[in-house]
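Enquirer: Let me begin by handing over the structure; questions about it come next.
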Amino acid sequence: MRMRVEYREEPCRTAVTKVPGMPFRWSLNPYTGCAHQCTFCYVRGFELRAGRPSDDRYGASVRVKTNLIERLRADLGRRSWKREQVAIGTATDPYQPAEGRYRLTRGAITTLTEFDTPFSIVTRGPLIVRDIDVLGEAARRVEVSVNVSIPTLDDRVWRTTEPHTAPPSQRLEALRRLAAAGVPCGVGMAPILPGLSDDPDKLREVVRAAREAGAAFVWWNVVNLRPGTREHFLEHLSRDWPEELERYQRLYAHTAYLRPAQTADLNATMSELRSAWVWEPRHAPPPRAATEPETASQLSLELAS
């Protein structure tokens, strides 16, 4: 059932935000809040610290940065701007339903291209195919990376943990169309959920589908449960998969992130998939969201032709 979302049209003071301690220095989020309401969303942790709702109310109100393009032009027009990569969608989905009306992401793409600024995009939204024309033009002028988030093809896991997102099949079709148009693109399997979506056969399904759709790379990480996200995710887990609750309480008892030893089997499985399909790590990983640690399990892979 599609929820009712309130859209608040409010100006912003700046379009690009400096991000410390990450592979990329700048991020851009056309909206604040996300109507997808994924149960595992790490942004809930930021909402809790900011004194805003991180529970089921998160995503029911989305801020639309009405003057984003004006501010972006001002940011990129500064003499100090060095045309460094900008990561779009680190704290919201730039192709959530609001984009169909407001077209801020499209405007950002054309503006970044105009100022010869490379960028990456992370999204679960098939609406991105609307912008194949401007993405193609951008890719001819600057470095572009589109990351389509498809953590699982399991119907129950998708419907339960990503309640207001498009089906994985639609995202794969978007990926196929982007790749066919020559837009550099790949799949982010993020986040993978222990006990729910980390079965080797399920992982193999996603990787195979990504390859068949024309993905140039695949990367992944395991869910992190910071305060705000933790409470919300575990509440839903106790209702939807009560048999898994004890596992998560044990795994995340004293940390928001799993230790490398705890993700070793997952990494081994992904390495096996890489070997099976003769993939080569030619490209650096796409930008991680600003909340992920340097130790997060992730890999960017170039698919051999």
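The values are calculated or read from the model by the stated rules, or taken from the named source; none is laboratory data. Note that the coordinates shown come from a computational prediction; the quantities given were computed from them, not determined experimentally. Counting neighbours? That spans all protein chains shown, and the Cβs are built from the backbone with ideal geometry, glycine included. For accessibility, only protein heavy atoms count, side chains too; no ligands or nucleic acids. Shrake-Rupley method; radii C 1.70, N 1.55, O 1.52, S 1.80 Å.
Enquirer: Report the full-extension gain for the segment Arg159 to Arg73: residue separation times 0.36 nm, less the Cα-Cα distance, to one decimal in nm.
Expert: Residue separation times 0.36 nm, minus the Cα-Cα distance, leaves 27.1 nm.
Enquirer: List the residues whose amide H sits under 5 Å from the amide H of Thr66, counting only those 5 or more places along or on another chain, with H placed 1.01 Å from N in the peptide plane.
Expert: Glu10, Cys12
Enquirer: Follow-up. Using helices alone, what [θ] at 222 nm do you get for the chain, with -39,500 (n - 2.57) per DSSP H run of 4 or more residues, divided over all residues and rounded to the nearest 500?
Expert: About -10500 deg cm²/dmol.
Enquirer: Hey, another quick one. Give the lysines whose C-alpha is closer than 28 Å to that of Lys82, dropping any in the same chain fewer than 8 places away, or say none.
Expert: Qualifying lysines at Cα under 28 Å: Lys18, Lys65.
Enquirer: Given labels modelled 7 Å from the Cα in the Cβ direction, how far is it in nm from Thr14 to Ala180?
Expert: 4.2
Enquirer: Just reorder Lys65, Lys202, Lys18 by solvent-accessible area, largest first, 1.4 Å probe, all chains present.
Expert: Lys18, Lys202, Lys65
Enquirer: Follow-up question, since we're still on this one. Enter the Cα centre distance for the pair the stretch 16-84 and the stretch 140-192, rounded to the nearest angstrom.
Expert: Going from one Cα centre to the other spans 20 Å.
Enquirer: Treating the beta-carbon of each Lys and Arg as +1 and of each Asp and Glu as -1, no other charges, what is the dipole magnitude of the chain about its Cα centre, to the nearest 20 debye?
Expert: Approximately 1040 debye in magnitude.
Enquirer: Another one. Would you calculate the separation in nanometres between label points at Phe115 and Ala264, each defined as 7 Å from the Cα along the Cα-to-beta-carbon direction?
Expert: Going by the 7 Å Cα→Cβ label model, 4.7 nm.
Enquirer: Shifting gears a bit: Computed on alpha carbon atoms, what radius of gyration and Dmax characterise the stretch 49-165, expressed in Å?
Expert: So, for the stretch 49-165, Rg and Dmax equal 15.8, 50 Å respectively.
Enquirer: Take every Cα pair under 8 Å in the chain that's 6+ residues apart, average their separations, divide by the length, and report that relative contact order as a whole percent.
Expert: Over the chain, the number comes to 18 percent.
Enquirer: Restricting to bridges with both residues inside the stretch 1-129, how much of the DSSP beta-bridge set is antiparallel, in percent to the nearest 5?
Expert: 30
Enquirer: Let me ask something else. Please tell me the relative contact order of the stretch 217-264 in percent, rounded to the nearest whole number, where contacts are Cα pairs under 8 Å and at least six residues apart.
Expert: Here the relative contact order equals 47 percent.
Enquirer: By the scheme Lys and Arg +1, Asp and Glu -1, what is the net charge of all other residues having a beta-carbon under 12 Å from that of Arg44?
Expert: After counting each charged neighbour, the total is 0.
Enquirer: Next up: What is the set of long-range amide H partners of Ser61 at a cut-off below 5 Å, with H atoms built 1.01 Å from backbone N?
Expert: Close amide H contacts, sequence-distant or interchain: Glu6.
Enquirer: Determine ³J(HN,Hα), in whole Hz, for all residues of the stretch 242-251 in sequence, where each value follows from phi through the Karplus function 6.51 cos²θ - 1.76 cosθ + 1.60 and θ = phi - 60°; x replaces Gly and Pro.
Expert: Working through the residues one at a time gives x, 5, 9, 4, 4, 4, 5, 5, 6, 4 Hz.
Enquirer: How much of the accessible area of the chain, in percent, comes from carbon and sulfur atoms when a 1.4 Å probe is used?
Expert: Carbon plus sulfur share of accessible area: 49 percent.
Enquirer: How many nm separate the modelled label positions at Ala60 and Val142, each set 7 Å beyond the Cα in the direction of the Cβ?
Expert: For Ala60 paired with Val142, the spin-label model returns 3.8 nm.
Enquirer: Taking the alpha carbon gyration tensor of the chain, what are the square roots of 5 times its eigenvalues, largest first, to the nearest whole Å?
Expert: For the chain, the semi-axes come out at 28, 24, 18 Å.
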